[in-house]
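These notes are about the structure you will find just below.
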Amino acid sequence: MREVAPGDLILSFVDTRLVVIGIAQSYCWESPKPSEFGTAGQNWEDVGWRVRVAFTQLLNQIRPKDHIDILRPLLPAKYSPLQVNGNGLQSIYLAEIPELLAEVLFGLIGAEVAAIVAAGAAVEQVVADDLDTWEVKIERRIEEDASISDTDRLALVRARRGQGLFRDRVARIEQRCRITGVENPTHLVASHCKPWRDATNEERLDGENGLLLTPTIDHLFDRGFIGFENDGRLILSPVAHRPSLQRMGINVTAPTSVGSFSSGQKAFLEFHRQSVLLQSLR
């Protein structure tokens, strides 16, 4: 899911046929499992990845198994969505297919694909605002939790915005923005490495779960466009718009080191690399 990018075409295989083609409208973002899933997917994690997709139902819903002699040589050796006999593979939920395989499938579907391909090439990213909605719901649960003291409740809510007790604790470890070098606290926010929405109440107030960053750098870090290796090297996501990064004060032409991190910070940064940093190569 973290390799999906706006404009990608997604072929949906249902009951042995390709029935719709979707166009990804966004990169992925974290999201709770939809309530409409009900009891389905009981073995899935409660939090997963979500991508906005615009789907178009196909008029010519081909059955790949009917054409498997043509398709078989084009199937990927690893993570193929189809078996060599043409049946689907249930264990593969979402997989990238070779460009040549996609072209052959499009040819089998016919002329109606051309308009979908053109729409995919022209798509602009839809901004995901669901993260804020999700965090507001968590915040409300905290505010209604009678087991949390008024002092702790206020601290947890303010921590979501990088303020209050959490900021004070981060400031004992960090004195400036790691990227821009800004030291004036007026222009800095305390940014969570393991996002507030994913953290326990203890982690939400842990100073080692934070960095002091200017607002623009905080945005890039929170949305997964940048990250940090444990040795201090800055990671630029492949999907990040390089000219924008440059204008925000990031050197995109040479490796950047932001200094060392504590062992506690490294643990939280590992979560960020594994669960927040966008990985798409397109």
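In this structure, Ala54 does not qualify as in contact with a Lys or Arg (Cβ under 9 Å, 6 or more places away or on another chain) and at pLDDT 85 or above. On the given criteria, is Ile179 over 30 Å from Ser26 (Cα atoms) and modelled with pLDDT of 90 or more? No.
Working only within segment 1-21, note down all residues that are without any contact (Cβ under 8 Å) to a residue 40 or more places away in the chain and within 21 Å of Ala114 (Cβ to Cβ). Listed by number, the list holds a single entry, Val20. Comparison of Leu220, Leu212, Leu236 shows that the only residue that is over 30 Å from Asp145 (Cα atoms), surrounded by 20 or more Cβ atoms within 10 Å (Cβ to Cβ) and among the aliphatic types (A, V, I, L, M) is Leu220.
Within segment 249-278, residues that are in the same structural domain as Cys193 (by TED's automatic domain parsing) have Cβ atoms under 8 Å from residues that are loosely packed, with under 15 Cβ neighbours inside 10 Å and in a helix (DSSP H, G or I) in these pairs: Val252/Arg242; Val252/Gln246, counting only partners at least 6 apart in sequence or on another chain. When you check Ala54 against the structure, is it part of a loop (DSSP other than H, G, I, E, B), small (Gly, Ala, Ser) and over 17 Å from the mean Cα position of the chain (by Cα), yes or no? When the stated conditions are applied, Ala54 does not pass them. Set side by side, the residues Ala119, Ala111 differ, and just one is aliphatic (A, V, I, L, M), free of Cβ contacts under 8 Å to residues at least 40 places away in the same chain and within 20 Å of Gln57 (Cα to Cα), which is Ala111.
Of all the criteria given as (1) of a type in the set (A, V, I, L, M); (2) out of contact with any Leu (no Cβ under 7 Å at 6 or more places or on another chain); (3) at pLDDT below 95; (4) more than 22 Å from Ile142 (Cβ to Cβ), the one not satisfied by Val276 is (4). All of (1) of a type outside the set (Gly, Ala, Ser); (2) touching a helix residue (DSSP H, G or I) at 6+ places or on another chain (Cβ under 7 Å); (3) within 26 Å of Arg141 (Cα to Cα) hold for Asp222 with one exception: (2). Within segment 81-97, the set of residues being surrounded by 13 or more Cβ atoms within 10 Å (Cβ to Cβ) and at negative phi comprises Pro81, Leu82, Gln83, Gly88, Leu89, Ile92, Glu96, Ile97. Please work out if Leu105 is crowded, with 16+ Cβ neighbours inside 10 Å, touching a helix residue (DSSP H, G or I) at 6+ places or on another chain (Cβ under 6 Å), of a type outside the set (Asp, Glu) and assigned to a helix (DSSP H, G or I). So Leu105 does not fit the description; no. In the condition set (1) modelled with pLDDT of 85 or more; (2) closer than 22 Å to Ser26 by Cβ, Phe106 is compliant with all but (2). Among residues of segment 134-158 that are outside the structural domain of Arg204 (by TED's automatic domain parsing), none has a beta-carbon under 7 Å from a residue that is surrounded by 13 or more Cβ atoms within 10 Å (Cβ to Cβ) and not charged (D, E, K, R) at least six positions away or on a different chain. In segment 135-162, which residue that is at pLDDT below 90 and outside any helix (DSSP H, G or I) is farthest from Gly207 (Cα to Cα)? Per the criteria, the residue is Arg161. Selection of segment 179-195 for residues being surrounded by fewer than 21 Cβ atoms within 10 Å (Cβ to Cβ) and assigned to a loop (DSSP other than H, G, I, E, B) yields Thr180, Gly181, Val182, Glu183, Asn184.
For Ala115, the requirement of being at pLDDT 90 or above and either part of a helix (DSSP H, G or I) or surrounded by 11 or more Cβ atoms within 10 Å (Cβ to Cβ) (or both) is met. Could you tell me whether segment 42-51 includes any residue that is farther than 20 Å from Val113 by Cα, modelled with pLDDT under 80 and charged (D, E, K, R)? Checked segment 42-51: at least one residue is farther than 20 Å from Val113 by Cα, modelled with pLDDT under 80 and charged (D, E, K, R). For segment 59-80, name all the residues that are of a type in the set (A, V, I, L, M, F, W, C) and part of a loop (DSSP other than H, G, I, E, B). Matches in segment 59-80: Leu59, Ile62, Leu75, Ala77.
The values are calculated or read from the model by the stated rules, or taken from the named source; none is laboratory data. The shown structure was predicted, so the numbers you read here are calculated from the model rather than taken from an experiment. Heads up, the Cβs are rebuilt from the backbone with ideal geometry, glycines too, and the neighbour counts pull from every protein chain shown.
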